[in-house]
């Protein structure tokens, strides 16, 4: 891949200029965590690079919580999203399969994808529940984004991934080609260090395919045990970068509203006749893992869990799916 570089001060200046023509988002630290903010000139120096991971998944930019799908597709200012970790970028694989399926394409999703430039951020650190490598996801960006960014001292190193990204780097930023092999090697060495750290940390965790086999063959007892503290809040599904369930709600005037839904909500599969195959809490709890590790792999090419760990961090009941899977493996 082609590498380019630009001085950090010049990079910040270019970002400020882009605010006049684009909506630009980037992760900024706050009191509690790290999350995407709409950039203003004062926030540009506060952007966090090469750290996992924004509290919100990337899907919030492409699948809103609620939208009227009978409205015409509106033209919007182009968007740039900076600092996206690879676990979220890989999650676009299954979202694209679902929403860009040629037999029933979501025109709103496609418009947002086309209107967005994604600048990924290689992870130079880890968090407690990160486990991307267990499922074959690298902690650095190689696909689906347009550019990947790394900060080395006072230089912004840009790895070009798409043609759109190349145009942005060369024409918009006027960045220079990077020929310093030592600087590139330092980035690649950091990649391997983080990959090795994640592999060591999660060595007991089964891989994606094995997890599916274990979930499919599991007994009732383990699901009753681990669902005991679940409050059916749906946080694990709404925060997940790959979960896609939604309702279509009919409104007066022949309007139809698409609204985020979650398989962990009570009544998720309740029918008009009052039947509910997922009424028992443990059944509803297990259903999510069956979906991610068994049913979706049967239908889609891309994985339905990229190991970001957000579901563990968001759980009010302190349920750790990784501990569940390790227990299953034993």
Problem - Filter result for residue 80 (touching a residue at least 12 places away in the same chain (Cβ under 8 Å), over 18 Å from residue 239 (Cα atoms) and assigned by TED's automatic domain parsing to the domain that holds residue 179) - result: yes
Practice task
Any chance you could count how many residues in region 278-319 are assigned to a loop (DSSP other than H, G, I, E, B) and either surrounded by 16 or more Cβ atoms within 10 Å (Cβ to Cβ) or in contact (Cβ under 8 Å) with a residue 60 or more places away in the chain (or both)?
Solution key: 16
Problem - Test: residue 125 is assigned by TED's automatic domain parsing to the domain that holds residue 149 and under 30 Å from residue 326 (Cα atoms) - result: yes
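Could you identify the single residue in 27, 54, 72, 41 that is out of contact with any strand residue (DSSP E or B) (no Cβ under 6 Å at 6 or more places or on another chain) and either in contact (Cβ under 8 Å) with a residue 60 or more places away in the chain or within 30 Å of residue 155 (Cβ to Cβ) (or both)? Talk me through it step by step, then tell me what you get.
Details: 27 fails: out of contact with any strand residue (DSSP E or B) (no Cβ under 6 Å at 6 or more places or on another chain); 54 fails: out of contact with any strand residue (DSSP E or B) (no Cβ under 6 Å at 6 or more places or on another chain); 72 fails: either in contact (Cβ under 8 Å) with a residue 60 or more places away in the chain or within 30 Å of residue 155 (Cβ to Cβ) (or both).
The match here is 41.
Taking into account only those residues within region 1-15 that are over 12 Å from residue 178 (Cβ atoms) and touching a helix residue (DSSP H, G or I) at 6+ places or on another chain (Cβ under 6 Å), which is surrounded by the most Cβ atoms within 10 Å (Cβ to Cβ)?
Keep residues of region 1-15 that are over 12 Å from residue 178 (Cβ atoms), which gives 7-15.
Now restrict to residues that are touching a helix residue (DSSP H, G or I) at 6+ places or on another chain (Cβ under 6 Å): 12, 15.
Working: 12: 16, 15: 20.
Taking the candidates together, the pick is 15.
Tell me whether region 112-119 contains one or more residues that are within 21 Å of residue 308 (Cα to Cα) and either assigned to a helix (DSSP H, G or I) or at pLDDT 95 or above (or both).
As a first pass, look at region 112-119 and keep what is within 21 Å of residue 308 (Cα to Cα): 118-119.
So of that shortlist, the ones also either assigned to a helix (DSSP H, G or I) or at pLDDT 95 or above (or both) come out as 118-119.
Yes: one or more hits.
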Handout entry: One residue from 179, 167 being more than 30 Å from residue 289 (Cβ to Cβ), assigned by TED's automatic domain parsing to the domain that holds residue 36 and either outside any helix (DSSP H, G or I) or touching a residue at least 12 places away in the same chain (Cβ under 8 Å) (or both)
Key = 179
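The values are calculated or read from the model by the stated rules, or taken from the named source; none is laboratory data. From a predicted model like this one, the values you see are computed outputs, not experimental measurements. A quick note on method: Cβ atoms are made from the backbone with ideal geometry, for glycine too, and the neighbour counts reach across all protein chains shown.
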